[in-house]
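The values are calculated or read from the model by the stated rules, or taken from the named source; none is laboratory data. Keep in mind that this is a model prediction, so the values were computed, not measured. Because the Cβ atoms are built from the backbone with ideal geometry, glycine has one as well, and the counts that use them run over all protein chains shown. Ligands, DNA and RNA are stripped out before the accessible areas are found, and what is left, the full protein with its side chains, is counted by its heavy atoms. Shrake-Rupley method; radii C 1.70, N 1.55, O 1.52, S 1.80 Å.
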Amino acid sequence: MTVAARAAKTPSWSRPAFRSLLASEAVTLSGSAVSTVALPALAVLELRASTTEVAVLAFLGQLPNAVALWAGALSDRHPKRPQLIASDLAAAAALVTIPAAALAGALTVGQLCAVAVVLGAAKVLHDAAAISLLPALVGPDQLHDANSKIGAASSVADSAGTNAGALLVGAVGPARSVLVDAVSFLVSAVLIWRMRVPEAAAASRARAGLARDIADGVHYVARQPTIRTVIAALSTLSFGLAVMNTYWAYYLLVPA
């Protein structure tokens, strides 16, 4: 068997840096799933938010997705590890303010909305940097295996986090439950900080303007039928889930 053939059979799991990224993604997604349950429950059950306030909270949480193209272009221009760490720390800091304000009796729907915006922005930056970093962690022949493992881990983490979130909200209340998400972001930041991967060469390359980078990416996607179809399907699914998530907490939690 040739060296190339043996390398082709080497699983992505054999790369320590990839294992760190995989663990980071699984941990943060589990924690975020807890907050997905806890934040609407907190707004409805403890702050007695109206339907309009719940809708605004859901809208603001999704609003940072509008700058996903800019986040992707920025992630290509700068080292990814600092972006991942910074986004994790920002999300953790925002989440900690919720139980602190609740303990002081000063929590408001406005604060929840501000936290939702920070979490949404942190997620957009984190996802863009993680996607851009992956090819530096594994070989070209391992990308498919690596993406499959991340997809499987994300599905399990999301399901487990949602169930855990429901249990935590019932056991300790929604305000304290978000601390689990804050801890998950801190764990993720430590995992990424310990990761060692060379990025300096890619980060220092001369590039065209940011708008040009975004336009080139959009044009590339538009010319690829498969990618174009996948993005259209995911966008439609995300829109439907966003509409559903706007009101599910209000109508499920408020007594008739």
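Go through the residues of segment 168-181 one by one and say whether even a single one is over 20 Å from the mean Cα position of the chain (by Cα) and of a type in the set (K, R). For segment 168-181, residues over 20 Å from the mean Cα position of the chain (by Cα) and of a type in the set (K, R): present.
Let's see how each residue does on (1) surrounded by fewer than 16 Cβ atoms within 10 Å (Cβ to Cβ); (2) more than 27 Å from I98 (Cβ to Cβ):
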site	(1), (2)
L134	no, yes
H144	yes, yes
I150	no, yes
G165	no, no
V169	no, no
S177	no, no
A182	no, no
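Residue by residue, here is whether (1) open to solvent by less than 60 Å² (accessible area, probe 1.4 Å); (2) farther than 30 Å from G209 by Cα; (3) within 19 Å of the chain's Cα centre (by Cα) holds:
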residue: D88; (1), (2), (3): yes, no, yes
residue: V96; (1), (2), (3): no, yes, yes
residue: A102; (1), (2), (3): yes, yes, no
residue: G105; (1), (2), (3): no, yes, no
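Taking segment 72-107, which residues are of a type outside the set (A, V, I, L, M) and within 15 Å of D181 (Cα to Cα)?
Taking segment 72-107 first, the residues of a type outside the set (A, V, I, L, M) are 72, 75-83, 87-88, 97, 99, 105.
S87, D88, T97, P99, listed by residue number.
If you filter segment 53-81 down to residues that are open to solvent by less than 50 Å² (accessible area, probe 1.4 Å) and basic (K, R), you find that the one that is farthest from S20 (Cα to Cα) is K80.
Here is a yes/no grid of residues against (1) open to solvent by 70 Å² or more (accessible area, probe 1.4 Å); (2) at pLDDT 85 or above:
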| position | (1), (2) |
| --- | --- |
| G173 | no, yes |
| L191 | no, yes |
| V197 | no, no |
| A211 | yes, no |
| Q224 | no, no |
| A232 | no, no |
| V243 | yes, no |
| Y250 | no, no |
